[in-house]
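One structure is given below, encoded as structure tokens.
Readers should treat all values here as calculations from the given coordinates under stated rules, not as data from a laboratory. Since the model is a prediction, treat every value here as computed from it, not as a measurement. Note that we place each Cβ from the backbone using ideal geometry, even for glycine, and neighbour counts take in every protein chain shown.
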Amino acid sequence: MLNKIEAVIFDLGGTLINYEGFSYYWGDYYEQAFQHVSAALDLNVSSEQLNAAIETLKLYNTRLYPREVEYTPAHIFSDVFKGWKFQDISLDAAIRAFFQFFQRSVIVYPETVEVIDDLKRNGYRIGILTDVPTGMPTELIIQDIQSFKHHIDYFLSSVDCGFRKPNKKGIEMISERFGVEMDRIVFVGDEEKDIQAAQNAGAASVLINREHHNKCYGELIQIADLIEFRELLMKHRLGQGHQAACPD
């Protein structure tokens, strides 16, 4: 199937970039992030206001309460910051301060830029489909891919799509944008929902398993890093590849 591929869609976090020191579930760090907001904007927030914000944001966290329909950052944080006295400070400024706490730790995986650049030079269309961390605006998460943003043909966040994976809508939107049939698209991600989204859309699925954990979600192929993916894709293009799905 990979010999027909014309477009590659990547997940973002855990696939192309990583927020070092943070697990998939950010709820455990909300208190520190909100304290950062209070200090950065000189708000002097009470413990009651802090706890209310933490618990409200957790209600929107899809790691705790899975959903496919996405909410806008303004919708989420208008609810979260209810009761906080901003005065001359905008909601956008408070949202930026919240995510600055996490973005300070972002890293691009060493092979990301090299592989994407190589795929582009070999004629593949490159897309990114990402479920944003709860409440994160698209313009903020794009800051985390500045080193390779110019290589991406289309960046689509769950906020702009309106749906989160495993919903297939995002992959369908990118397919339509590229004018590429679904059976000529491969989706690369690191979570079960990524594989499910690809399967729901009818695209090929590749699971990147950087930690070498024992996991299998029915993906077409499992890889350890993006270098391995590039090599497999090129071999299939030359008719030399074979499918290496879930490890035994």
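Computed from the alpha carbon positions, the gyration tensor of region 26-103 leads to an equivalent ellipsoid with semi-axes of 20, 13, 12 Å, biggest first. Between the amide H of residue 125 and those of 7, 8, distances stay under 5 Å, these residues lying 5 or more places away or on another chain, with hydrogens modeled in the peptide plane. Only Cα sites of the chain enter the Debye sum here, all with the same form factor; the resulting log10 I(q)/I(0) across q = 0.09, 0.13, 0.15, 0.16 1/Å is -0.41, -0.80, -1.02, -1.13, listed in q order. Fully extending the segment from residue 1 to residue 35 would add 7.3 nm, taking 0.36 nm per residue of separation and subtracting the current Cα-Cα distance.
For a modelled paramagnetic label at residue 46, 7 Å from Cα along Cα-to-Cβ, the residues of region 72-86 in reach, with backbone nitrogen under 12 Å, are 83-85.
Local charge for residue 103 was computed over the other residues whose Cβ lies under 10 Å away, with Lys and Arg +1 and Asp and Glu -1, and equals +1.
Whole-Hz Karplus values for region 106-115 come out as 5, 10, 9, 4, x, 8, 4, 5, 4, 5 Hz, taken residue by residue from phi with 6.51 cos²θ - 1.76 cosθ + 1.60 and θ = phi - 60°; glycine and proline positions read x. Using the Karplus relation 6.51 cos²θ - 1.76 cosθ + 1.60 with θ = phi - 60°, the per-residue 3J(HN,Hα) values for region 8-18 come to 10, 10, 10, 5, 10, x, x, 10, 9, 9, 8 Hz, with x marking Gly and Pro.
Near the amide H of residue 205, within less than 5 Å, lie the amide hydrogens of 187, 220, 221, all on another chain or at least 5 residues away, with H placed in the peptide plane. Give me the angle, in degrees from 0 to 90, between the Cα long axis of helix 226-237 and the longest principal axis of the Cα atoms of the chain, rounded to the nearest 10. Approximately 30 degrees, to the nearest ten. Summary of packing: across the peptides 84-95, 184-195, the per-residue average of other C-beta atoms within 10 Å ranks them, highest first, as 184-195, 84-95.
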